[in-house]
1. Which residues, counting only those in region 24-76, are within 19 Å of ARG91 (Cα to Cα), charged (D, E, K, R) and not in a loop (DSSP other than H, G, I, E, B)?
2. Return the residue satisfying two criteria in turn: it lies in region 38-61 and is surrounded by 14 or more Cβ atoms within 10 Å (Cβ to Cβ) and hydroxyl-bearing (Ser, Thr, Tyr), and of such residues it is farthest from VAL80 (Cα to Cα).
3. Report yes if some residue within region 87-99 is within 16 Å of GLN30 (Cα to Cα), modelled with pLDDT of 85 or more and of a type outside the set (A, V, I, L, M, F, W, C); otherwise report no.
4. Filter region 53-85 down to the residues that are among the hydroxyl-bearing types (Ser, Thr, Tyr) and either modelled with pLDDT of 90 or more or within 10 Å of the chain's Cα centre (by Cα) (or both), then identify the one that is farthest from ARG23 (Cα to Cα).
Amino acid sequence: MQKKKYPPHVWRQGTPEQQLKLRFLRARCQARYRSETWALTWEEYQDLWKLRPSNNTGRSRGAFNLARINHTSAWKSGNVEWIERGIATTRRDSQNQTSQQRRDSRKEICK
């Protein structure tokens, strides 16, 4: 019995569909780790992936990332958008500061 031979571009990364499935699984696991509700299905994620504005995705500053519009709501198709990573991190940092200010004000009230 002969083993299947895969072309060299598949050896390390897998096929493009396998890579996308891995991105989906990582995103879902990361959301669960942060105790965020994940309501996106694999099919919805594939549709969102087709709508991305550029092939530039990842961790670099100009790359595009999927982010929630309303951070208190779940990861679902009506609550996500593609935005630049730099904008996403800035927005997330400002929301974290706001929640930190709320926590500080609660501490003041409790004193």
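The values are calculated or read from the model by the stated rules, or taken from the named source; none is laboratory data. Keep in mind the model is a prediction, meaning the values are calculated, not measured. Backbone-built Cβ (ideal geometry, glycine too); neighbour counts: all protein chains shown.
1. Passing the criteria: only ARG68.
2. Among those that are surrounded by 14 or more Cβ atoms within 10 Å (Cβ to Cβ) and hydroxyl-bearing (Ser, Thr, Tyr), it is THR57.
3. no
4. Per the criteria, the residue is SER73.
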